[in-house]
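Engineer: Below is a structure I'd like to ask you about.
Every read-out reported here was derived from the displayed coordinates using simple, explicitly stated rules and does not represent laboratory data. Only a predicted model underlies this, so the values are computations on that prediction, with no experimental measurement involved. Note that each Cβ is placed from the backbone with ideal geometry, even for glycine, and that neighbours are counted across all protein chains shown.
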Amino acid sequence: MDLLWAFGFAFMVGLTVCGLAGTAMEIVSGTRLRMAEPFVSRRRVGLSLAASAAAGPFMLVNDAVEAMRRGRIGPLGLAAAIATASLWALSTGILATELAIFLSGS
């Protein structure tokens, strides 16, 4: 049961980190978060990787919802994108939690 709590906590941390980063990027750019310009660019690979690592799950879900609206993917594709984004947010949360533990010296 403790493992379930730990994964739940890490998932919520990941959602929080990704949400804060994504919201900040949307406010600065004035456009909806997505895996395209101005957030992801071939000219700025480092910044693109950082943006994708920080807010990637929300970029993925936004793109999947838009693709479903336009008829490019079906409900199964949207479900797969949400499952992938959930695992991505969980891994981001695990990384952020471990980094916080490491930096606190515990």
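Engineer: Can you tell me how many residues within the stretch 35-70 are in a helix (DSSP H, G or I), free of Cβ contacts under 8 Å to residues at least 12 places away in the same chain and more than 21 Å from ALA96 (Cβ to Cβ)?
Structural biologist: 4
Engineer: Can you name the condition, by its number, that ILE73 falls short on among (1) in a helix (DSSP H, G or I); (2) over 15 Å from the mean Cα position of the chain (by Cα); (3) buried (at least 18 other Cβ atoms within 10 Å of the Cβ)?
Structural biologist: Single failed check for ILE73: (1).
Engineer: Among the residues in the stretch 34-41, are any of a type in the set (Lys, Arg) and surrounded by 13 or more Cβ atoms within 10 Å (Cβ to Cβ)?
Structural biologist: Looking for residues that are of a type in the set (Lys, Arg) and surrounded by 13 or more Cβ atoms within 10 Å (Cβ to Cβ), one finds at least one in the stretch 34-41, hence yes.
Engineer: Among the residues in the stretch 10-32, are any free of Cβ contacts under 8 Å to residues at least 24 places away in the same chain and of a type in the set (Phe, Trp, Tyr)?
Structural biologist: No, the conditions are met nowhere in the stretch 10-32.
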